[in-house]
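Q: I have a structure here, written as structure tokens, and I will follow up with some questions on it.
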Amino acid sequence: IFTTRPDTLFGVTFLSLAPGHPAIEKITPKDRLKEVLEFSSKVKLDAKAKRSMDELKKEGVFTGAHCINPLTGEKVPVYVANFVLMEYGTGAVMAVPAHDQRDFEFAREYKLPVKVVINPQGKTLKPETMTEAYVEDGIMTGSGAFDGMKNTDAVSGIVDSLVEKKLGEKTINYKLRDWGVSRQRYWGCPIPVTYCTDCGTVPVPEEDLPVVLPEDIALSGKGLSPLEQAAHFVETTCPKCKGKARRETDTMDTFVDSSWYFFRYLSPDNNTAPFSKDDAEYWMNVDQYIGGIEHAVMHLLYARFFTKALRDMGLHSFDEPFKNLLTQGMVCKETQKCPEHGFLFPEQVVNGKCATCGAGTISGAVEKMSKSKKNVVDPDGIIERYGADTTRLFSLFAAPPEKDLDWSTDGVEGAYRFLNRVWRMVAENREELFGAQTPKTNQEAEGAARDLRRITHKTIKKVTEDIGDRFHFNTAISSIMELVNAIYQFKPETPSDRHVKKEAIEAVVTLINPFAPHISEELWGALGKKAPLYSSAWPEYDKDALATDDVEIAIQINGKLRARITAALNTPEAEIRKAVTEDPKISEWLKDKTIKKFVYVPNKIVNMVVS
């Protein structure tokens, strides 16, 4: 029996076998065997993916056999269940309905007992009133000597107890499904195999590798492999008997290439091996992996598999191919459907009606963009109307990269208006700023100019960290927008003020370059710069410019944050205490209470204990 949850062993009320399990015919009484085998045969026809779905209706059949729970000595029935797969563990899984949702649904369907062995902290679950399984951590109950322990702490003790009694063994299980390599018609890796009438299937000898696909082939577009028609590729000589032979014309799944291509980048000119060990040791690991959720599941999995296999072959010495992972979200949009014509592309909907028949359309859920549901946006149309920079800026600003992005026409318009605002800001100020010099120290700025300089360097710092450390492009763009607002509000009066304004505008143009490279290059030239922006150094922030005369002080009462106040830097404790007790928001929390303790950490926090 297979278990990944030793902490729930005391709660087992039945056992589930996968359809087709070899034990079925051994344990099932003759009078039950026909019904059980018929159920197993029916379920095995269903796809594994369907049987793994959470929403699948749980079905099963009682074998007529029972087994003994080794920890409790209780006799529990054995069922064949449609949601258990032979590929999972041993195909025989203990069932704990109180703490596994699939087991819970099955138990309710077949009126089987539900036994609680883990309670939430401070609560007691009642099986008869439970509407779903409790799958979180908690406190052990109904588990003999382990009662009262945290379930996570009890796991090792339960396993040790089973091992000591020779009722089980501790093992680590790895789950990696077999990889079915799909065959492609032309665009994948050649399969180095030939077919000879006399010798049968013969691999291409290593000295004749690699097999190179021909480029002078005709693409028919009819779904046939173009290699079949390329006689100069297909017709070859058998490596064994030197007689006539045919090459394999299918090619391997492109996943085969993409699972190790990053190694080939290390040694692109190596004609004797895929890559050299010295190159791999020098360049690997890849610093940053970025991919959609499908890649995180498939490509990432097999890239790691290939890397470990190549390591075991002695071709390099490291364990993992990638240092950091960022799984980006999907682009989503609501669907539009016509009662007669089905899903419609956005351009097929005019004023809420189908452009073909005039029927009112039905707006569906916001879903991942897909050709099948036609909720896609042609980027060429957006680029033609708004420009590539607008498209890029909206996509990066609309959501954090790891979250799904809901496509919005209003959002595209907003990004377009902002870029126009930046353009006007440079156009309206360029003549005035041509002779201005960039401030060298913070002492050159006073009053409003000092505030603008602080915002400028605060923005440089934030954008640098958001891009380089966190990939938070949306908050980086947001901070640039705030800087643009500050520039528009600033009215320079002195040459020094104009220097500060020039610095701020140049910072905006530079910081926006990764998001809007085309317009920023144009604006950089408009500001009189000779060298292109892409070859210029990234701006560095001035720590002195970030200094402020005021500080924000957090106010905690009995350990909870209740308010914040702003005070001058290095304000004496007596003045802080007066400001805190007289603040209207804080005084509400102090009403009818006595301050027992007042602790002030200068320029940071006030902590009060009251009763």
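The values are calculated or read from the model by the stated rules, or taken from the named source; none is laboratory data. Predicted, not measured: the structure shown is a model, and the values here were computed from it. Backbone-built Cβ (ideal geometry, glycine too); neighbour counts: all protein chains shown. With ligands, DNA and RNA removed, areas are computed over all heavy atoms of the protein, side chains included. Shrake-Rupley method; radii C 1.70, N 1.55, O 1.52, S 1.80 Å.
Q: Straight-line reach from LYS530: which lysines have Cα under 17 Å away, leaving out those fewer than 8 places along the same chain?
A: LYS502
Q: Next up: Leaving ligands, DNA and RNA out of it, rank CYS241, CYS196 by accessible area with a 1.4 Å probe, largest first. Write out the running numbers ahead of the final one.
A: Details: CYS241 65, CYS196 10 Å².
From most accessible down to least: CYS241, CYS196.
Q: Next up: Output the relative contact order of region 176-307, whole-number percent, from Cα pairs under 8 angstrom with separation of 6+ residues. Let's see the in-between values first.
A: On the way: 161 pairs, mean separation 35.3, N = 132.
Relative contact order comes out at 27 percent.
Q: Mind checking the log10 I(q)/I(0) for the chain at q = 0.06, 0.11 Å⁻¹? Debye, one equal scatterer per Cα, no solvent, two decimals.
A: Per q value, in the given order, log10 I(q)/I(0) is -0.63, -1.31.
Q: Expressed as a rounded percentage, what relative contact order does region 440-563 have, with Cα pairs under 8 Å and six or more residues apart? Spell out each step's value before the answer.
A: Details: 112 pairs, mean separation 36.7, N = 124.
Relative contact order, region 440-563: 30 percent.
Q: At 0.36 nm per residue, and after removing the present C-alpha to C-alpha distance, how many nm does the segment from LYS308 to GLU432 gain when stretched out fully?
A: 38.5 nm
Q: Turning to a different aspect of this structure: In region 327-381, what is the count of Lys pairs whose alpha carbons are under 14 Å apart, counting only pairs at least 8 residues apart or on separate chains?
A: 8
Q: For the chain, what proportion of DSSP beta bridges, expressed in % and rounded to the nearest 5, is antiparallel?
A: Counting only bridges with both partners in the chain, antiparallel ones make up about 75 percent.
Q: In square angstrom, rounded to the nearest 10, how much accessible surface does HIS232 have for a 1.4 Å probe?
A: HIS232 has an accessible surface of roughly 120 Å² with all protein chains in place.
Q: Something else about it: Give me the 1.4 Å probe accessible area per residue for the chain, excluding ligands and nucleic acids, in Å².
A: 59 Å²
Q: Distance from the Cα centre of region 127-151 to that of region 511-540, in angstrom?
A: Their Cα centres are 61 Å away from one another.
Q: May I ask you to work out the translational diffusion coefficient for region 469-611 at 20 °C, viscosity 1.002 mPa s, via Stokes-Einstein with Rh from the Kirkwood sum over Cα pairs, reported in whole µm²/s?
A: On the way: Rh = 19.0 Å.
The calculation lands on 113 µm²/s.
Q: Below 8 Å between Cα atoms, with a sequence gap of 6+, how large is the relative contact order for the chain in percent?
A: Relative contact order comes out at 7 percent.
Q: So, with a 1.4 angstrom probe, what is the percent of accessible area on the chain that is carbon and sulfur? All intermediate terms of the calculation are to be shown ahead of the outcome.
A: Details: 18680 of 35900 Å².
Exposed carbon and sulfur together represent 52 percent of the surface.
Q: In Å and on Cα atoms, what radius of gyration and Dmax does region 47-153 show?
A: Cα only, region 47-153: 14.7, 43 Å (Rg, Dmax).
Q: Please report the net charge: other residues with Cβ closer than 15 Å to the Cβ of PRO514, K and R +1, D and E -1.
A: -2
Q: No solvent, one uniform scatterer per C-alpha: report log10 I(q)/I(0) for region 118-255 via the Debye equation at q = 0.17 1/Å, two decimals.
A: -1.04
Q: Around SER536, what is the net charge, scoring Lys/Arg as +1 and Asp/Glu as -1 over all other residues with Cβ under 13 Å from its Cβ?
A: Residues close to SER536 contribute a combined charge of -1.
Q: A follow-up question, please. Below 15 angstrom from the Cβ of ILE24, what's the summed charge of the other residues (Lys, Arg +1; Asp, Glu -1)?
A: So the environment of ILE24 carries a net charge of +2.
Q: When all protein chains stay in place, what accessible area (Å², nearest 10, 1.4 Å probe) is found for TRP423?
A: Solvent-accessible area, nearest 10 Å²: 120 Å².
Q: Determine how large the accessible area of THR171 is when every protein chain is in place; take a 1.4 Å probe and give Å² rounded to the nearest 10.
A: 90 Å²
Q: Cα-Cα over 24 Å: which of LYS34/LYS58; LYS75/LYS166; LYS462/LYS604; LYS403/LYS501?
A: Check vs 24 Å cut-off fails for LYS403/LYS501.
Q: Charges at C-beta only: +1 for Lys and Arg, -1 for Asp and Glu. How large is the resulting dipole of the chain about its Cα centre, in Debye rounded to 20?
A: Values: 79 positive and 87 negative charges, 320 e Å.
Dipole magnitude for the chain comes out near 1540 debye.
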